[in-house]
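Chemist: Once you've had a glance at the structure underneath, I'll fire off some questions.
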Amino acid sequence: MGKSLWHYATISHILKNRLYCGELEYRKEYVPDYLEQKRAKNNGELERIIVEGKHQPIVTKEEFEKVQKLIEEKRPQMEHFRKNRGIHSDDLWRRKLRCQCGHAFAKTRWHSKSRDFTTYTYKCYDQTRTGTVSARLKNGLSIEGVCRVPLVQDWKVHTMAQKVLHAVFDDPEGTLREAAAVLGLGAAGVEQSEVLRDKEIIEEQLKKERGRYETLLDMRMNNEIPKEVFSRKQQEVEKKIAELEQQMMQYGDVKPATEADVSGKLENLQRLMGQPPVPEDGEFSEEDIDKYVFGVRVYEDRFEWLLNLSPEARGELDDAGSPVYFTKLTVTPDDERAWFKMHPQWSKSNKYVELEAWIYI
């Protein structure tokens with residue numbers, strides 16, 4: 001059996017912090033002083049600090065480079081593991097919900113109507129650190145930089161899911177006509193999801209923070225800032241970079257639609273509508289929702305439903321690909337009351353509101 005990714009990664013980590021061929025290599029945070037040292041970029045992730053030394057090398061340069069080559073060959077798999085780490089959950093909406101700021105949602109107990117049944121709400125993970133806007137205002141705290149997405153009760157997404165899927169599958173011919181009108185415009189004419197814009201914003205922020213890091217290094221090397229100030233600023237920037245990189249992972253591989261994407265979507269939809277899923281009791285199951293919903297992006301004023309309308313639908317958000325706008329609908333208080341009537345085990349809401357759902361395919 002071949003060596004594991006962990007094995008190669010561990011070897012690389014050891015070598016990157018040891019001696020080889022008369023050179024010292026450290027991670028940035030372990031280098032005590034930058035004034036008398038040269039630095040060289042290493043894949044944008046590691047700064048190589050080289051100083052003269054009179055010591056016996058632990059490994060040869062050839063051995064070191066051989067391990068680096070193995071790491072590069074395994075990198076795509078390692079990136080895939082990191083991208084999906086911590087995202088999977090047995091809870092449907094923990095898997096599907098994503099905040100406009102890029103974070104996943106935490107599941108919190110909301111109310112127990114009986115000993116056997118509990119309802120839940122979902123909160124942006126960033127708000128578990130900062131608190132919600134309403135909670136901060138109540139305590140007289142600033143809301144600057146705080147995610148403004150409201151809590152999402154489970155009944156809201158369940159109600160929306162039913163109306164969204166019925167809007168698509170109840171009238172196959174009408175759905176095909178609307179889809180042909182939208183997708184017939186080609187890649188240049190379709191309206192892309194806000195997800196793409198959000199991803200671009202975070203990419204720009206990440207680029208800016210990495211630039212700040214490079215500037216800090218230059219200023220320290222030129223003795224323009226004292227060591228204490230550099231250390232404090234370095235930690236701040238590294239923390240921000242780590243947060244942004246985590247947010248980027250939540251966007252998966254979402255990208256702009258190409259001509260092939262657009263034509264493929266229409267072809268898949270035509271095949272699916274040949275035998276549309278029809279729930280026996282009038283309600284789509286969680287299995288159906290899991291299959292035909294890539295994910296749900298939560299904004300302050302709306303919910304973006306990213307659907308997978310293909311016979312081979314699996315429903316993973318990381319595979320959302322290139323969503324394009326299809327239509328939108330409003331879930332009314334009457335829809336919500338009707339849903340509660342069909343589900344008496346759920347606690348009724350004391351505040352019904354209109355919910356706007358934008359559908360992307």
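Rule-based calculations on the coordinates, nothing more; no lab input. Nothing here was measured: the structure is a model prediction, and the numbers come from that model. Cβ sites come from the backbone with ideal geometry, for glycine too, and all protein chains shown count toward neighbours.
Chemist: Dividing the alpha-carbon Rg of region 267-361 by 2.2 N^0.38 Å yields what?
Modeler: Working it through for region 267-361, the quotient is 1.19.
Chemist: As a quick test, which of the pairs LYS107/LYS341; LYS208/LYS328; LYS107/LYS291; LYS96/LYS341 have an alpha carbon distance above 31 angstrom in this structure?
Modeler: Among LYS107/LYS341; LYS208/LYS328; LYS107/LYS291; LYS96/LYS341, the Cα-Cα distance tops 31 Å for LYS208/LYS328.
Chemist: Just subtract the alpha-carbon distance of LYS341 and THR119 from 0.36 nm times their residue separation and send over the number in nm, one decimal.
Modeler: Full-extension gain reported as 78.4 nm.
Chemist: Once you place label points 7 Å from the Cα toward the Cβ at ASN222 and GLU286, how far apart are they in nm?
Modeler: 5.9
Chemist: Sorting check: for 165-176, 289-300, 216-227, which peptide has the highest mean count of neighbouring beta carbons within 10 Å, and how do the rest follow?
Modeler: 289-300, 165-176, 216-227
Chemist: Could you check the simple spin-label distance between HIS111 and ARG136, using points 7 Å along Cα→Cβ, in nm with one decimal?
Modeler: Placing both labels 7 Å beyond Cα along the Cβ direction yields 2.7 nm.
Chemist: Which ³J(HN,Hα) values in Hz, rounded to whole numbers, follow from the phi angles of region 98-110 under the Karplus curve 6.51 cos²θ - 1.76 cosθ + 1.60, where θ = phi - 60° and Gly and Pro get x?
Modeler: Along region 98-110, the couplings run 9, 7, 4, 7, x, 7, 7, 10, 8, 9, 10, 4, 10 Hz.
Chemist: Rounded to whole Hz and in sequence order, give me ³J(HN,Hα) for region 128-136 from the Karplus expression 6.51 cos²θ - 1.76 cosθ + 1.60, θ = phi - 60°, writing x for Gly and Pro.
Modeler: Rounded to whole hertz, the list is 5, 8, 9, x, 6, 4, 5, 5, 5.
Chemist: For region 172-182, what does the Karplus curve 6.51 cos²θ - 1.76 cosθ + 1.60, with θ = phi - 60°, yield as ³J(HN,Hα) per residue in whole Hz, taken in order and with x for Gly and Pro?
Modeler: For region 172-182, the Karplus-derived couplings read x, 5, x, 4, 5, 4, 5, 5, 5, 5, 6 Hz, x marking Gly and Pro.
Chemist: Would you mind getting me the FRET efficiency between LYS208 and LEU151? Use the beta-carbon distance for r and R0 = 25 Å, nearest 0.05.
Modeler: FRET efficiency, LYS208 to LEU151: 0.25.
Chemist: Give me the extension gain from GLN275 to GLU62: residue separation times 0.36 nm, minus the current Cα-Cα distance, reported in nm with one decimal.
Modeler: Stretched out fully, the GLN275 to GLU62 stretch lengthens by 70.7 nm.
Chemist: Using the Cα centre as the reference, give the magnitude of the dipole from point charges on the C-beta atoms of region 266-361 (Lys, Arg: +1; Asp, Glu: -1; all else neutral), rounded to the nearest 20 debye.
Modeler: 260
Chemist: Now for a separate question. If packing is taken as the average number of other Cβ atoms within 10 Å across a peptide's residues, how do 154-162, 235-243, 280-288, 263-271 rank, most packed first?
Modeler: 154-162, 263-271, 235-243, 280-288
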